[in-house]
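Data first, discussion second: the structure below is written as structure tokens.
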Amino acid sequence: MLCPQCRHLNALDRDACTRCGTHLYTDCPHCGARTDRVHSRCTACGKALPDSPLSSWKKGVKRAWGKLRVEQILFLLIAILLGFIGIVFFTQMSSSGGK
């Protein structure tokens, strides 16, 4: 069983990581089934697990995107658009032989 915290490979019969002590299993709050913590959804009912490593990563991403200002978002969109235009331009130039 792979530890979601330190990535140590543990024996399948272990309830906690032998390296860092992190619990390797969690009980689904929806159906009560025991599920590996490395999963983001319950293996029995398919509903999202609130304490999975993936769900905490998603929360961090949402917080980071929520802090962006309008000017930063516009800058990102313009940079993406200019990159796309550059790719199209150079693709057309190389297909026409640079004429």
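A few remarks follow.
- Qualifying residue in region 30-39 (condition: at pLDDT 85 or above, part of a loop (DSSP other than H, G, I, E, B) and open to solvent by less than 60 Å² (accessible area, probe 1.4 Å)): yes
- Note on region 17-29: residues that are exposed (fewer than 14 other Cβ atoms within 10 Å of the Cβ) and either out of contact with any Lys or Arg (no Cβ under 9 Å at 6 or more places or on another chain) or more than 22 Å from CYS45 (Cβ to Cβ) (or both) total 4.
- Single match in ALA11, ALA79 (criterion: modelled with pLDDT of 85 or more, in a loop (DSSP other than H, G, I, E, B) and among the small types (Gly, Ala, Ser)): ALA11
The values are calculated or read from the model by the stated rules, or taken from the named source; none is laboratory data. These numbers were taken from a predicted model, which means no experiment stands behind them. Cβ: placed from backbone, ideal geometry, glycine included. Neighbour counts: every protein chain shown. These accessible areas exclude ligands, DNA and RNA; they are computed on the full protein's heavy atoms, side chains included. Shrake-Rupley method; radii C 1.70, N 1.55, O 1.52, S 1.80 Å.
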